[in-house]
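What follows is a short report on a single structure.
The values are calculated or read from the model by the stated rules, or taken from the named source; none is laboratory data. Predicted, not measured: the structure shown is a model, and the values here were computed from it. Don't worry about glycine lacking a Cβ; one is built from the backbone with ideal geometry, like all the others, and counts go over all protein chains shown.
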Amino acid sequence: MKTIDYIYRFDPKNTSVKPAPLDAEHAKRELEVGNRMFADWMNSCQIGSLSPGEPRYVIECTGLNFGHTPTGDDVPRQDPFAIVVGCSDARVPIEMVFGQGFNELFVVRVAGNVLADECWGSIDYALKELSESVKLVVVMGHSGCGAVTAAVDAYLDPKEYSLDSMSLGVKSILRHIFVSVHRAAMGFLEVWGPDAPSSPCYRAALIESAVCLNAASAAHSVRAANDRIRHADVRVLYGVYDLRSHHVCMPPLCTHVPERDTLINLADAPKDSAEFEALAREMAVRLK
C-alpha cells in the first residue's frame, strides 16, 4: 500500500549525512527549509497525493543523534543548533514543524509562548551550557492561539479577567500577553481610526495581530535582556506558524499571497520599541 510518509532516517553506513549549521544564517535557512518540507508533506496528506516510489519527506539523522560519539560513549551530548520557545498547543509539534530530528532543537514550550521565570531559566541554561552548538533563539507563536485569544477577550471585557472562574495560573499567562494586545489595539486605532473597535472583524483581527506582537515582544526581550546573546554570535528570530498553511512566516499572510518561496520566513527580533510599534501598524494595515 502506498502511503504519504514523513520519515526520520538513520544510515549506519553514513553517520554524518547531515552536518550541523556553521552559523546563524545557515541555521535559519535549515529551519526554513525544514518547515517547507513539513508544509509540503501536510499539503500532500490533505490532497491525498501519494508519494511515488521512495518517500519524499525524509529527515536525515546523524550518528550523534543515536549515540555514535567519537569517544565511544553511548550517550550523546546535547548538541542543538537552535533554542525554540513555542506554545504548548498540541497542534504545533515543533521538531516536526521545522523538519528537525533528535538533538537538533532545544525546545521550551509554554501556553502562549510567554517568558515566565522557568522559560528564562531554560533559555539561560541552554545559552550557557550549550554555547558551542547554539546559533539561534527562535520564538514561535501560532495562529488561533488559545492563550492570546483569552488575553484579547479579557482585554475587551476586563470583568471576565477578574472572575474567580479563571485560575491564578491562567491569569499569570494572560498578564504576559496584555502588553502585546494593547499595542496591537493602538495600532488599529492609528490605522483604522477611532471606530476600529466597532468593526465586526475587530476581535479576529486583534487576535491575529496580537499573536504576531506577542512573539515579537518575547523575541525582543530575549535579545535585549541576555548578556550572552550580546556577546556571542547568536541571532534572535521570531515567526508565526499558520495552522492552515503549516508555514512559519513573519509577517504572516493576510489577504496578499506572495510567491511560494516567500511564504516561509523567520524575522529578526525588533531592536527597540519603535520597531515593535511599527509592526503593530503594519499588521493593522495588512488586516484592514
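Below, the figures for the structure above:
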{"quantity": "PHE38 being surrounded by 14 or more Cβ atoms within 10 Å (Cβ to Cβ) and more than 23 Å from the chain's Cα centre (by Cα)", "calculated": "no"}
{"quantity": "From ALA116, ALA147, ALA154, residue being of a type outside the set (Val, Ile, Thr), farther than 27 Å from PRO19 by Cβ and at pLDDT 95 or above", "calculated": "ALA147"}
{"quantity": "One residue from VAL92, VAL84 being outside any loop (DSSP other than H, G, I, E, B), of a type in the set (A, V, I, L, M) and either surrounded by 17 or more Cβ atoms within 10 Å (Cβ to Cβ) or at pLDDT below 75 (or both)", "calculated": "VAL84"}
{"quantity": "Some residue of segment 166-183 being touching a Ser or Thr at 6+ places or on another chain (Cβ under 6 Å) and surrounded by 16 or more Cβ atoms within 10 Å (Cβ to Cβ)", "calculated": "yes"}
{"quantity": "Residue within segment 180-202 that is touching a residue at least 12 places away in the same chain (Cβ under 8 Å) and of a type in the set (Asp, Glu) present", "calculated": "yes"}
{"quantity": "Any hit, segment 138-148, residues being among the hydroxyl-bearing types (Ser, Thr, Tyr) and within 10 Å of GLY112 (Cβ to Cβ)", "calculated": "no"}
{"quantity": "Single unsatisfied condition, SER172 versus (1) within 30 Å of ARG29 (Cα to Cα); (2) more than 20 Å from the chain's Cα centre (by Cα); (3) not aromatic (Phe, Trp, Tyr)", "calculated": "(1)"}
{"quantity": "Check on MET1, at pLDDT 85 or above and of a type in the set (A, V, I, L, M)", "calculated": "no"}
{"quantity": "Extreme residue, surrounded by the most Cβ atoms within 10 Å (Cβ to Cβ), among residues of segment 254-288 that are closer than 23 Å to HIS26 by Cα and modelled with pLDDT under 90", "calculated": "LEU263"}
{"quantity": "Single match in VAL148, VAL139 (criterion: touching a Ser or Thr at 6+ places or on another chain (Cβ under 9 Å), assigned to a strand (DSSP E or B), in contact (Cβ under 8 Å) with a residue 40 or more places away in the chain and buried (at least 20 other Cβ atoms within 10 Å of the Cβ))", "calculated": "VAL139"}
